[in-house]
Protein chains: 2
Amino acid sequence: MLIGVLGAGQLGRMLALAGYPLGVRCIFLDPHAGAPAGQLAEQIVAPYEDASALEQLARADVVTYEFESVPEAAARQLAGRVPVRPSPEALSVAQDRLHEKTLCQTLGIPTAAFRGVSDERELEAAVTAIGLPAVLKTRRLGYDGKGQRILHQAADAVPAWRALGSVPAILERFVEFARELSLLAVRGTDGRIGYYPLIENQHKDGILRLSLAPAPRATAALQAEAEAMGKKLLDRLDYTGVLALELFETPAGLLANEIAPRVHNSGHFTIEGAVTSQFENHLRAVAGLPLGSTALIGHSAMINLVGDVPERAAVLAVEGAHLHLYGKPARAGRKLGHITFCGSDAVTRDAGVAKLEAILAASARG
Amino acid sequence: MLIGVLGAGQLGRMLALAGYPLGVRCIFLDPHAGAPAGQLAEQIVAPYEDASALEQLARADVVTYEFESVPEAAARQLAGRVPVRPSPEALSVAQDRLHEKTLCQTLGIPTAAFRGVSDERELEAAVTAIGLPAVLKTRRLGYDGKGQRILHQAADAVPAWRALGSVPAILERFVEFARELSLLAVRGTDGRIGYYPLIENQHKDGILRLSLAPAPRATAALQAEAEAMGKKLLDRLDYTGVLALELFETPAGLLANEIAPRVHNSGHFTIEGAVTSQFENHLRAVAGLPLGSTALIGHSAMINLVGDVPERAAVLAVEGAHLHLYGKPARAGRKLGHITFCGSDAVTRDAGVAKLEAILAASARG
């Protein structure tokens, strides 16, 4: 079984590693030579729109993506030749914040109040309709906090819009959320769905730094609320594979914030912390194989290594810590790897996180 | 960090997979093109004695093996250039059943009564000294039950010796053992040792079929007895890496049967069934990194897929089953992959094994 993957970053690398034991080989298309996945699997180095590269990829049994900013046209072109899972429609929805939020609205999934903005006149109307504070986000290509501005007063609006490049945008009411959670779900070709328990995510400078699973204080009711939202999306999109739903927890309940039509950074802990990893489950789903259990093993934390990798020996000396490096050259703000800590209970997990954060802080000072 | 590995079979494949997340790349030397490890890492295709191939391998930071029948001369030649772990001496001892048993004897590690045999006269004397029934084994190159004959009466001796090729051999008293166990231990460059809990191994036609971990009814006293034997060997050989010690459990206590100076088939379950897999711990050890915890996660079973691979979907439909395929063409008697089943307790594990064995039996009939 050969699976074609658009994108060859660290998500692709972990997909490839999960594939080998299953007898599933991945072949990647990515314009960057020496990409993380290309270091351990075949990579076609070419632009995503390259016709002959897409031709090569179409020899795979099925095609998927590890990166949602691939051109939708490439996915559609492939879909004429080979099953593409999840569908180009799912990719298209997730690529555009306005489509994403509009779909949620249609399905009765709560979100922050929002409005599309395509010029300065619409921007003004949106500020009046939504109220302040609000967040102005580009409709496309935003990630890790890039492509967005917070508006505190009406006078912030036009400068923010111009700073973002005067491109089509969405204005969202600023949500006073207690915390961010994510729900990872996987749907098979037979329509069966598996849900991982909710994950709590903590960001710094717009970049995910720490995920805790299961999310502390997440009740069965909260899990059910999230799963109901996930199920609506998965079924409506006739989705195949892993989908991540980013959520805000507010006093009024959960709000959907973003959809990622792929394996997700907050789910990296599942390699050690769940019976079946998100990577294996994504491959099983797109390959048409039965899904694996999404049950957790103990209490896990995932710490992203951003911009800097601490001394390997210091990390590995922490009992229960697992290191994952992506083979990327160091650069400020870049995700270079992650550490998963697994403990038998939340107290052990929190102690492990404290130990690892001290190592990271010492490394950053050194 | 680049680790050179002599041999590129399935053990090497699982070493390579364990290495990537740690930022450890493996490069393999193996005469067979398209070997399991060569499918996902760099492989030098050449005989083990090939001078220029050894030259290439010597560029690694450290060299190890995944196969103990590599020529000792190759290991010694490399050892003049680059650290070789475990040492060529450990390899040499494990390659020769007479050296192995003699070392055990020297260290006070109980074994079956044995005697070296290099001609028919010595064979006769050995039969008289050891008594019958006994097992005549070639000193070198025996594995999976190959290279041995059971002697029931004195008249069996010479024909057995000739059938084995009249090569240097060892005659061992036949042991009425209750079961076979293995102890996997890992020793770091700092001399620290980690021991996995004892594993029970069940064979068919001389080939390992099923391993259970932890071994049922293995007491703390039995574990301590095995660890004491392991410690003597590891310290005497100033060993670095994973070592497997195959043991017979008898009414009179444990007897050492065989030493494997490498990761071992009975330890494959550690990928899912232990905090740190034997593959990761071997790499950590030979790379001079801190060892990971050898604690188990639940109760596991490992079923070898010999000669035939069942339908993948049937295996993956069993909750808690993990499939590992080696990328080898099917051939009778060949190890093509394994399945690990992890359960929370022994009863769940035994039910999982029964389910999987029914699938394997149905597949063999089909």
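The values are calculated or read from the model by the stated rules, or taken from the named source; none is laboratory data. Owing to the predicted nature of the structure, the values given are computational and were not obtained by experimental measurement. Don't worry about glycine lacking a Cβ; one is built from the backbone with ideal geometry, like all the others, and counts go over all protein chains shown. All accessible areas refer to the heavy atoms of the entire protein, side chains included, with ligands and DNA or RNA removed. Shrake-Rupley method; radii C 1.70, N 1.55, O 1.52, S 1.80 Å.
Brief remarks follow.
- Cα gyration tensor, chain A - rounded (a/c under 1.5), prolate or oblate: rounded
- Three-way shape label, the protein assembly as shown, alpha-carbon gyration tensor, a/c 1.5: prolate
- Label point distance in nm, B:GLU124-B:ARG179, each placed 7 Å from Cα along Cα→Cβ: 4.3 nm
- Computed on the Cα trace of the range A:147-237, the radius of gyration divided by the Kirkwood hydrodynamic radius gives Rg/Rh = 1.08.
- Each other copy places its own label point for B:ARG236 at 7.1 nm from this one, sorted shortest first, where the point lies 7 Å along the Cα-to-beta carbon line.
- Of the GluC sites (Glu not before Pro) found in the range B:274-366, those in coil by DSSP whose Cβ has at most 13 other Cβ atoms within 10 Å are B:GLU311.
- Per-residue shielding of A:122-129, expressed as the average number of other chain Cβ atoms within 10 Å of the residue Cβ, stands at 0.
- The trypsin sites (Lys or Arg not before Pro) found in the range B:163-266 that occupy coil by DSSP, while having at most 13 further C-beta atoms within 10 Å, are B:ARG192, B:ARG217.
- Solvent-accessible area buried by pairing A with B, both sides, nearest 100 square angstrom, 1.4 angstrom probe: 2400 Å²
- Using the Cβ of B:ILE199 as centre and a radius below 11 Å, the other residues enclosed give a net charge of -2, where K and R count +1 and D and E count -1.
- Environment charge of B:LEU254, counting only residues whose C-beta is closer than 12 Å and scoring Lys/Arg +1, Asp/Glu -1: -4
- Per-residue average of Cβ from other chains inside 10 Å of B:321-328: 4
- Entry note, the protein assembly as shown: the mean residue ellipticity at 222 nm calculated from DSSP H runs of n ≥ 4, each adding -39500 (n - 2.57), is -9500 deg cm²/dmol after division by the residues and rounding to the nearest 500.
- For chain A, modelled as a GNM whose springs connect Cα atoms under 10 angstrom apart, the maximal fluctuation among A:ALA41, A:ALA73, A:ALA60 occurs at A:ALA73.
- Peptide A:15-27 shows a mean partner chain C-beta count of 4 within 10 Å per residue C-beta.
- Heavy atoms of the protein chains alone define the surface here; on that basis the range B:179-365 has 35 Å² accessible area per residue at 1.4 Å probe size.
- GNM top mover of B:LEU22, B:LEU98, B:LEU356 - chain B, alpha-carbon springs below 10 Å: B:LEU22
- With contacts taken as Cα pairs under 8 Å at a separation of at least 6 residues, chain B carries a relative contact order of 13 percent.
- Modelled spin-label separation between A:ALA358 and B:SER344, with each label point placed 7 Å from Cα along the Cα-to-Cβ direction: 3.3 nm.
- Minimum 40 Å² accessible area buried by the other protein chains, the range B:280-300 residues, probe 1.4 Å, relative to alone: B:ARG284, B:LEU289, B:PRO290
- Cα-based shape type of the range B:42-131, given that a ≥ b ≥ c are square roots of the gyration tensor eigenvalues and the cut on a/c is 1.5: prolate
- Highest-fluctuation residue, B:LEU141, B:LEU17, B:LEU291 considered, GNM on chain B with Cα pairs under 10 Å: B:LEU141
- Rounded percent of accessible protein surface that carbon and sulfur make up, the protein assembly as shown, 1.4 Å probe: 53 percent
- Here is how far apart the A:PRO110 label points are across copies: 6.9 nm, shortest first, using a point 7 Å from Cα toward Cβ.
- Near A:ASP238, once Lys and Arg are set to +1 and Asp and Glu to -1 for all other residues with Cβ below 15 Å from its Cβ, the sum equals +3.
- For the pair B:GLU311 and B:ARG162, the difference between a 0.36 nm per residue extended length and the Cα-Cα distance amounts to 49.4 nm.
- Taking 29 Å as the straight-line reach from the Cα of A:LYS146, the lysines in range (excluding those fewer than 8 positions away in the same chain) are A:LYS101, A:LYS137, A:LYS204, A:LYS231, A:LYS232, A:LYS328, A:LYS335.
- GluC sites (Glu not before Pro) within the range A:118-180: DSSP coil, no more than 11 neighbouring Cβ in 10 Å: A:GLU176
- In order along the range A:355-364, the phi-based Karplus estimate (6.51 cos²θ - 1.76 cosθ + 1.60, θ = phi - 60°) of 3J(HN,Hα) comes to 4, 5, 5, 5, 5, 5, 5, 5, 5, 5 Hz; Gly and Pro are listed as x.
- Translational diffusion coefficient (Stokes-Einstein; Kirkwood radius from C-alpha pairs) of the range B:2-84 at 25 °C, 0.890 mPa s, in µm²/s: 202 µm²/s
- Calculated over the range A:179-365: convex hull of Cα atoms, volume per residue (Å³): 121 Å³
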